[in-house]
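Quick one: the structure is below, and I'll ask about it shortly.
The values are calculated or read from the model by the stated rules, or taken from the named source; none is laboratory data. From a predicted model like this one, the values you see are computed outputs, not experimental measurements. All Cβ positions, glycine included, derive from the backbone under ideal geometry; neighbour counts span all protein chains shown.
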Amino acid sequence: MKRYGVGTRGMVAMLTLAIGVSTVFANGFRNPPESASALGQVGSRMTLVEDPSALSFNPANLSTIEEPSVMGSLLYARGRTEFDAPDGRSGKTRSPGNVLPNLHAAWPLAEYDVVAGVGVTTPFGQSTKWKKDGPFQYVGPHHAEMTLVNFSPAVALRVRDDVSVGVTANIYWSELELRQMVPWSMFAPMLPDGEARLKGDGFGFGGSAGITWNMTDRQRVALVYKAPFDIDYEGSTRLGNVPPGAAAPRSDFDSKIKFPTIVAFGYGLQVTDRIRVGLDVEWIEFSRFENLPLDLGVNNPLGLTPESIPQDWKDTWTVGLGADWTLASPWTVRCGYIFMESPIPSRTVSPSLPDTDRHVLAFGVTWERGANGVDFAYAYTIFDDLKVGDNQNPAYNGEYDMSSHLFQLSYRRVF
């Protein structure tokens, strides 16, 4: 196995360029929608989602809820990335799948024409894992995982019969972990490899606001703003199998990720008494993520000064369509499509986030009886070709072939 980029600057790159998330669904850092009802009609969340999970997409739509209700969701995401390099290296990710839980609740305050809500969700994150001795040994983390949890109290108000507004406060906690093999043989032949583990966490704060206007009895439009936020990660770096005098086994670790502003527009149309269709358009300010700072501490074990790794992400658009059809009681079926533009230029693509433009096709079904409701959704992603030939780390050049499947189940209870 060749060792690409090993050395001081090479080791900075291998420990930082691959901070990212799985390609299962997300463009950039984003996770799939936080409920099965939203995933099933993935391109029309801003106007058609009217259950407690609406607070994650357009909090103004909480105003449609007339009884206290709670909703729990589990998303199972299974994806794979295969890599082939011009020099013959090849491999594939070994992640068997990820499970993401989400919880929403809402309760009307009828005397005030207000609906309150709260969500505990995972809007950003996931992980990517390669074999330790895979194609990126010594030049990229074999384990890169970012977990982000959002606690979001919300309130919606019907200001007129045809206009509702909603706001959400977002309190984020995130944890970042990287694992990278270190070739100690560069100090002396025959020394066994070690593993560098970087782990840190931090908090961030943001908010969102939405407005929905029922233009006519059968048409509505929505506008949603989600504020940007930053997470400052603080933690430690640990090295395994450190040879005497080569490095300190532990040091500090600090980094920062800037998450995007999102502005979304939605249009919904009641075609018939049983069929609704919707359109969503989002602008996402990924250009906030210009670089990735890394500070390994005063006594950092690799003997490096703090660095800043270029990312140069670009702003993107997503465009989607969705529909639902109420069949004979108790069934409703849903379908959706969304195009998601990648924010990552090929120059800064990494093995943990080989992102590319994608098309997501989704299907969903809902069963409701009495106070209970069950939603199920499945989504399949079609990825554009990703051929990298100009990366800032030459070891990342090659062809990436990706696939993904999403399964989500939600349960709702009205009280």
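Taking the criterion of being touching a strand residue (DSSP E or B) at 6+ places or on another chain (Cβ under 7 Å), under 23 Å from Trp283 (Cβ atoms) and not aromatic (Phe, Trp, Tyr), would at least one residue in segment 68-88 satisfy it?
No, the conditions are met nowhere in segment 68-88.
Here's another thing I want to ask about it. Among the residues of segment 49-77, how many are of a type outside the set (A, V, I, L, M) and more than 25 Å from Leu321 (Cβ to Cβ)?
Residues in segment 49-77 being of a type outside the set (A, V, I, L, M) and more than 25 Å from Leu321 (Cβ to Cβ): 5 in total.
Let me ask another. Looking only at residues in segment 327-338 that are at pLDDT 95 or above and not aromatic (Phe, Trp, Tyr), which one is surrounded by the most Cβ atoms within 10 Å (Cβ to Cβ)?
Per the stated criteria, the residue is Gly336.
Considering only residues that are surrounded by 17 or more Cβ atoms within 10 Å (Cβ to Cβ), modelled with pLDDT of 95 or more and charged (D, E, K, R), which ones fall in segment 201-239?
Arg220, Lys226
Can I ask one more? Restricting to segment 165-189, name every residue that is of a type in the set (S, T, N, Q) and within 21 Å of Ser352 (Cβ to Cβ).
The answer is Ser174, Gln180.
Let me ask something additional. Can you name the strands (runs of 3 or more DSSP E) wholly within segment 195-284 that have at least 3 residues being more than 30 Å from Met146 (Cβ to Cβ) and touching a Gly at 6+ places or on another chain (Cβ under 6 Å)?
Where strands (runs of 3 or more DSSP E) fall fully within segment 195-284, none carries at least 3 residues being more than 30 Å from Met146 (Cβ to Cβ) and touching a Gly at 6+ places or on another chain (Cβ under 6 Å).
Turning to a different aspect of this structure: Scan Pro243, Pro189, Pro249 and give me the residue that is modelled with pLDDT under 95, surrounded by fewer than 16 Cβ atoms within 10 Å (Cβ to Cβ) and touching a helix residue (DSSP H, G or I) at 6+ places or on another chain (Cβ under 6 Å).
Going through Pro243, Pro189, Pro249 in turn, just one is modelled with pLDDT under 95, surrounded by fewer than 16 Cβ atoms within 10 Å (Cβ to Cβ) and touching a helix residue (DSSP H, G or I) at 6+ places or on another chain (Cβ under 6 Å): Pro243.
So in segment 136-171, with the set limited to residues that are within 20 Å of the chain's Cα centre (by Cα) and in contact (Cβ under 8 Å) with a residue 60 or more places away in the chain, which one is nearest to Asp230 (Cα to Cα)?
Leu148
Quick test of your reading of the structure: Arg347 fulfils all but one of (1) surrounded by fewer than 17 Cβ atoms within 10 Å (Cβ to Cβ); (2) assigned to a strand (DSSP E or B); (3) under 22 Å from the mean Cα position of the chain (by Cα); (4) not aromatic (Phe, Trp, Tyr). Name the failing condition by number.
(2)
Residue under question is Val388, and the condition is that it be of a type in the set (Val, Ile, Thr), touching a residue at least 40 places away in the same chain (Cβ under 8 Å) and under 22 Å from Ala38 (Cβ atoms); does it hold?
Numbers: of a type in the set (Val, Ile, Thr): yes; touching a residue at least 40 places away in the same chain (Cβ under 8 Å): yes; under 22 Å from Ala38 (Cβ atoms): no.
Answer is no for this residue.
Anything in segment 89-118 that is under 15 Å from the mean Cα position of the chain (by Cα) and crowded, with 23+ Cβ neighbours inside 10 Å? List them, or say none.
Asn102
Let me ask you something else. Of Thr366, Thr356, Thr381, which residue is outside any loop (DSSP other than H, G, I, E, B), under 26 Å from Lys131 (Cβ atoms) and touching a strand residue (DSSP E or B) at 6+ places or on another chain (Cβ under 6 Å)? Lay out the reasoning, then the answer.
Details: Thr366 fails: under 26 Å from Lys131 (Cβ atoms); Thr356 fails: outside any loop (DSSP other than H, G, I, E, B).
Going through Thr366, Thr356, Thr381 in turn, the sole match is Thr381.
Every residue, every condition in (1) surrounded by fewer than 19 Cβ atoms within 10 Å (Cβ to Cβ); (2) more than 23 Å from Arg179 (Cβ to Cβ), yes or no:
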{"position": "Leu294", "(1), (2)": "no, no"}
{"position": "Val319", "(1), (2)": "yes, yes"}
{"position": "Met340", "(1), (2)": "no, yes"}
{"position": "Pro351", "(1), (2)": "no, no"}
{"position": "Ala379", "(1), (2)": "no, yes"}
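Please enumerate the residues belonging to segment 311-336 that are more than 20 Å from Arg30 (Cα to Cα) and in a strand (DSSP E or B).
Ala323, Asp324, Trp325, Thr326, Trp331, Thr332, Val333, Arg334, Cys335
Return the pairs, sorted by first residue and then second, in which the second residue is of a type in the set (Asp, Glu) and assigned to a strand (DSSP E or B), the first residue lies in segment 218-240 and is within 13 Å of Gly202 (Cβ to Cβ) and free of Cβ contacts under 8 Å to residues at least 60 places away in the same chain, the beta carbons are less than 7 Å apart, and the residues are 6+ apart or on different chains.
Every condition considered, the pairs that remain are Tyr233/Asp201; Tyr233/Asp254; Glu234/Asp254; Gly235/Asp201.
Could you check, for segment 253-276, whether at least one of its residues is charged (D, E, K, R), more than 21 Å from the chain's Cα centre (by Cα), within 27 Å of Thr381 (Cα to Cα) and buried (at least 19 other Cβ atoms within 10 Å of the Cβ)? Don't jump to the end; show me each part of the working.
Taking segment 253-276 and keeping what is charged (D, E, K, R), we get 254, 256, 258, 273-274, 276.
From what is left, the residues that are more than 21 Å from the chain's Cα centre (by Cα) are 254, 273-274, 276.
From the residues that got through so far, the ones that are within 27 Å of Thr381 (Cα to Cα) too are 276.
Now restrict to residues that are buried (at least 19 other Cβ atoms within 10 Å of the Cβ): 276.
For segment 253-276, residues charged (D, E, K, R), more than 21 Å from the chain's Cα centre (by Cα), within 27 Å of Thr381 (Cα to Cα) and buried (at least 19 other Cβ atoms within 10 Å of the Cβ): present.
Same structure, new question: Only one of these is at pLDDT 95 or above, buried (at least 24 other Cβ atoms within 10 Å of the Cβ) and of a type in the set (Ser, Thr, Tyr): Ser22, Ser56. Name it.
Ser56
Continuing with this model, one more query. Taking into account only those residues within segment 119-149 that are buried (at least 19 other Cβ atoms within 10 Å of the Cβ) and farther than 22 Å from Gly79 by Cα, which is modelled with the highest pLDDT?
Gly119
Looking at Val159 and the list (1) under 22 Å from Met46 (Cβ atoms); (2) surrounded by 15 or more Cβ atoms within 10 Å (Cβ to Cβ), which single condition is not satisfied?
Tallying (1) under 22 Å from Met46 (Cβ atoms); (2) surrounded by 15 or more Cβ atoms within 10 Å (Cβ to Cβ), Val159 fails exactly one: (2).
Let's see how each residue does on (1) surrounded by 14 or more Cβ atoms within 10 Å (Cβ to Cβ); (2) under 19 Å from Glu50 (Cα atoms):
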| position | (1), (2) |
| --- | --- |
| Phe363 | yes, yes |
| Thr366 | yes, yes |
| Asp375 | yes, yes |
| Asp385 | no, no |
| Asn391 | yes, no |
| Tyr396 | yes, no |
| His405 | yes, no |
| Leu409 | yes, yes |
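Considering only residues that are polar (S, T, N, Q), at pLDDT below 95 and farther than 17 Å from Tyr233 by Cβ, which ones fall in segment 288-321?
Hits for segment 288-321 are Asn299, Thr305.
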